[in-house]
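Chemist: Before anything else, here's the structure in question.
The values are calculated or read from the model by the stated rules, or taken from the named source; none is laboratory data. Treat the numbers as computed from the prediction; the structure is a model and nothing was measured. Cβ coordinates were reconstructed from backbone atoms using ideal geometry, including for glycine residues, and neighbour counts include every protein chain displayed. Remember, those area values only see protein heavy atoms, side chains included, never the ligands or the DNA or RNA. Shrake-Rupley method; radii C 1.70, N 1.55, O 1.52, S 1.80 Å.
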Amino acid sequence: MALPDRLPYFPRPELLQAILRQLLSGANVALFAPRRHGKTQFVRNELLPSVHESGWFAARVDLWRNRKEPAKGLVEGLEAIAYAEKKTGLLGTKLNLKSVRTKFHTPGVDIEGEWVPASDAAPVQDANLENRLANALNRIAGHGEHALLALDEFQALAEPGNENFIAAFRTVLQDLEDRLSVIFTGSSRDGLNRLFQRAKAPLFRSAESVALPNLGDEFVDSRADYLADVANLQVDRDALKLLFPRLRYTPQFLNEVVRSMLVAGDADVDEAHRRWLDGKRSGEYADLIDSLADEDLAVVLWLATSGESSVYTTEARSAMAGFMSTADAPGTPRIQSAIRRLVQAGIVDPVGVKGSYELADQGLQIILGELVGPLVQQRATGKH
């Protein structure tokens with residue numbers, strides 16, 4: 001049996017209609033969801049095709065295509081879109097876009113419809129980023145009657161040093177607002193909020209904020225149906241529905257558990273969950289967890305297990321001392337140093353209230369929550 005690369009996409013028709021109504025009203029949209037909750041798949045599989053079929057030009061850029069320099073990554077992605085050319089048939093006749101659709105194969109960039117990289121036109125590479133940004137956005141706005149850009153992980157621009165770039169971006173969008181709409185997506189609500197608060201022009205203030213809703217029992221049933229149809233595996237649906245909240249309603253994680261059942265040919269939910277936990281702990285998160293300094297690990301363990309976001313309370317400091325196997329609670333300076341390192345590494349995010357934080361990666365939160373006892377014991381005995 002040939003195994004698929006990924007499980008079928010689960011549609012979100014109500015969310016799609018809500019966002020389309022906002023875009024058609026002239027508003028931009030800011031879509032928030034934790035990592036791996038499916039916002040990019042929603043944009044790729046539903047939003048871009050839908051607006052494209054309505055006659056709009058539609059494209060996506062992931063700002064994490066260049067995490068160290070997100071402004072440069074955005075400009076390069078926009079230039080790939082701006083200098084693309086409409087694909088035509090042998091006699092110059094436009095292809096039927098409703099029946100034939102391809103993706104633009106540039107890392108971190110999608111263009112909905114039939115487009116190819118330009119054969120001769122190219123951006124001026126020695127121009128500054130702000131000028132290149134303006135040129136690219138103006139070309140994109142000219143690709144059709146109206147254009148939609150989906151900008152993934154837009155909060156990456158919230159870091160200090162991007163103020164002039166954001167101001168230039170804001171100005172161009174204002175000039176093009178009758179021809180260009182934007183959906184900003186991000187995994188850090190605080191990052192998006194901080195960015196929009198600094199960008200006080202009406203175009204940013206008018207972006208309608210939307211939180212990606214959690215999927216529910218219908219999604220879980222669709223995964224059970226898939227196992228039954230593809231591999232004749234009859235999974236305990238109630239057990240699978242109880243597992244989904246433990247996975248923090250993360251569709252990708254449930255898909256990984258379901259795929260584990262498919263590969264193993266075994267519909268035991270508990271066993272598949274155990275395999276998933278073991279795989280994450282010894283694989284994806286092993287180096288990250290083992291590389292954390294004691295006070296850094298104590299902070300993330302507190303955030304993962306307490307249900308609290310404040311890291312400076314007496315209760316938090318006492319718990320951190322327990323995680324560090326020391327009698328003395330860490331002082332504020334040590335916690336502040338740990339927080340700075342963790343925020344810089346993208347492991348924790350501020351949540352808007354001073355002194356309050358959350359883990360940026362819900363997978364890490366799950367792993368630490370499930371394995372906190374063995375992990376603390378392992379670190380205390382020095383066995384890695």
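Chemist: How do 328-334, 297-303, 45-51 rank on mean C-beta neighbours within 10 Å, highest first?
Modeler: 297-303, 45-51, 328-334
Chemist: Still on this structure: From the cross-link list K241/K280; K241/K354; K68/K354, which pairs have alpha carbons spaced over 28 Å apart?
Modeler: Table pairs above 28 Å Cα-Cα are K241/K354.
Chemist: Return the aspartates and glutamates within reach of K87: Cα separation strictly under 18 angstrom, same-chain partners fewer than 8 residues apart disregarded; answer none if there are no such residues.
Modeler: Cα-Cα hits under 18 Å: E53, E79, D110, E112, E114, D120, E145.
Chemist: Could you tell me the distance between the Cα centroids of region 286-348 and region 135-181, to the nearest Å?
Modeler: 38 Å
Chemist: Compare M324, M261 by solvent-accessible area with a 1.4 Å probe and give them largest first, with all protein chains kept in place.
Modeler: Reading off the accessible areas and sorting them downward yields M324, M261.
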